[in-house]
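Student: Dropping the structure in here first, questions after.
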There are 2 protein chains.
Amino acid sequence: MNSRTARLKSIKRIISEYHVTSQEQLLAFLKKENVSVTQATLSRDLKLLKVGKVSDGNNGYYYTLPRNRKEMESTQQYIHDIARGFLCISFSGSLCIMKTLAGHANSVASALDNLEMDEVLGTIAGDDTILVVLKENLTSKQFIASLKSIIPELEIE
Amino acid sequence: MNSRTARLKSIKRIISEYHVTSQEQLLAFLKKENVSVTQATLSRDLKLLKVGKVSDGNNGYYYTLPRNRKEMESTQQYIHDIARGFLCISFSGSLCIMKTLAGHANSVASALDNLEMDEVLGTIAGDDTILVVLKENLTSKQFIASLKSIIPELEIE
DNA sequence: TCACATTTTGTATGTTTATTCATGTTAAAA
DNA sequence: TTTTAACATGAATAAACATACAAAATGTGA
């Protein structure tokens, strides 16, 4: 194992074990384990590991590892499938109709299912049309906002 | 509604709707809605809203709202309950024994249940002792690391 | 209304994180 | 082996974000 790989491993462990709040602090932890790098490298490492920084619910922030890679990658895949097939969307109460490219309804609907959005109760797909049943009282605006936040490249309206 | 409250609302909406990657970008979004503030204020607003910054799974980072406040606060409560009662921990295979202050076993165990850690299959509490059944193949080290990452103030070993 | 406290904000500046650029290192190709 | 390309790193620096402090805005009790 080369030094970079070892360092990345250490970083993961340290981040999962402590509430690390800055790269400087992480640097200190690594130093204690005789790993010596500069802040610049840590910045690159954290990006590589896709480490995020979230609130401790109190007044500070700490680094977090992303949900595991598999899960992440498949999410990306679903998003891609939806963006690929999606054409337009319309609503009637809690029912939502999505039109897709011919033959894409199934892939889009199944991707939508797999995303397990709270807002979606279920889907039925034809060939180029999907019926999405939404949670009661959810407005079309809210659902569109959620979709957009997950799939920024979606062009709605 | 005063201007600050309105602004916070706008920020939440914008962040949930777009992949905002910097305060400068957020500033631009707000400007389009005729909300005029400085970066300094946004920094404070984001901290107030406990907004985090996470990987887009690709190569960038964007702001995210925290899980809803209720959930967050109750999590903090559980953590507090555990830290309050916890004394020490020991292991035998996938079984873990936690000793707590007299009478605290129940509150600690129920808090532990409520945290819904993947690692924990179930708990049984007496008066000052809890039996925690862990997922198979989980090492005591791993479990302790998880606990510490959730409850940094815990002093183990 | 005034006087006073509290909150919110901008400016200036400090701190933290990301990037550029030069250099070293490793791995593959010839 | 030498050459070349890709990658990894540190130093310096730029960009992004946070904060101290003063001023402005807002609230509160008389």
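Student: Among the residues of the range B:97-109, is there at least one that is away from every other protein chain (no Cβ under 14 Å) and within 11 Å of DNA strand C (Cβ to nearest atom)? Break it down into steps so the answer makes sense when it comes.
Tutor: So in the range B:97-109, the residues away from every other protein chain (no Cβ under 14 Å) come out as B:97-109.
Filter once more, so that each one left must be within 11 Å of DNA strand C (Cβ to nearest atom): none.
Within the range B:97-109, not a single residue is away from every other protein chain (no Cβ under 14 Å) and within 11 Å of DNA strand C (Cβ to nearest atom).
Student: Only strands (runs of 3 or more DSSP E) wholly contained in the range A:82-152 count here; list those with 3 or more residues that are of a type in the set (Val, Ile, Thr).
Tutor: Counting at least 3 such residues, we get A:120-125, A:129-134.
Student: Residue under question is B:Gly93, and the condition is that it be in contact with a His (Cβ under 6 Å, 6 or more places away or on another chain), within 30 Å of B:Val132 (Cβ to Cβ) and in the same structural domain as B:Glu116 (by TED's automatic domain parsing); does it hold? Talk me through it step by step, then tell me what you get.
Tutor: Working: in contact with a His (Cβ under 6 Å, 6 or more places away or on another chain): no; within 30 Å of B:Val132 (Cβ to Cβ): yes; in the same structural domain as B:Glu116 (by TED's automatic domain parsing): yes.
Here the answer is no, as B:Gly93 does not meet what is asked.
Student: Working only within the range B:77-89, note down all residues that are exposed (fewer than 13 other Cβ atoms within 10 Å of the Cβ) and at pLDDT below 90.
Tutor: Of the range B:77-89, the ones exposed (fewer than 13 other Cβ atoms within 10 Å of the Cβ) are B:77, B:88.
Correct list: B:Gln77 only.
Student: Still on this model: When you go through A:Asp45, A:Asp113, A:Asp81 one by one, which is the residue that is within 20 Å of B:Asp56 (Cβ to Cβ), of a type outside the set (Lys, Arg) and either away from DNA strand C (no atom under 16 Å from the Cβ) or touching a Gly at 6+ places or on another chain (Cβ under 8 Å) (or both)?
Tutor: On the way: A:Asp45 fails: either away from DNA strand C (no atom under 16 Å from the Cβ) or touching a Gly at 6+ places or on another chain (Cβ under 8 Å) (or both); A:Asp113 fails: within 20 Å of B:Asp56 (Cβ to Cβ).
The match here is A:Asp81.
Student: Shifting gears a bit: Could you tell me which numbered condition B:Arg84 fails, if it satisfies all but one of (1) away from chain A (no Cβ under 14 Å); (2) of a type outside the set (Gly, Ala, Ser); (3) at positive phi?
Tutor: (3)
Student: If you scan the range B:7-17, which residues turn out to be more than 17 Å from B:Thr41 (Cα to Cα) and in contact (Cβ under 8 Å) with a residue 12 or more places away in the chain?
Tutor: B:Ser16 - this is the single residue of the range B:7-17 that is more than 17 Å from B:Thr41 (Cα to Cα) and in contact (Cβ under 8 Å) with a residue 12 or more places away in the chain.
Student: Pull out all pairs, ordered by first then second residue, where Cβ-Cβ is under 6 Å, the residues are six or more apart or on different chains, the first lies in the range A:21-42 and is among the aliphatic types (A, V, I, L, M), and the second is assigned to a helix (DSSP H, G or I) and within 9 Å of DNA strand D (Cβ to nearest atom).
Tutor: So the pair list comes out as A:Leu26/A:Leu42; A:Val35/A:Arg7.
The values are calculated or read from the model by the stated rules, or taken from the named source; none is laboratory data. Just so we're clear, the structure is a prediction, and the values are computed from it rather than from any experiment. Because the Cβ atoms are built from the backbone with ideal geometry, glycine has one as well, and the counts that use them run over all protein chains shown.
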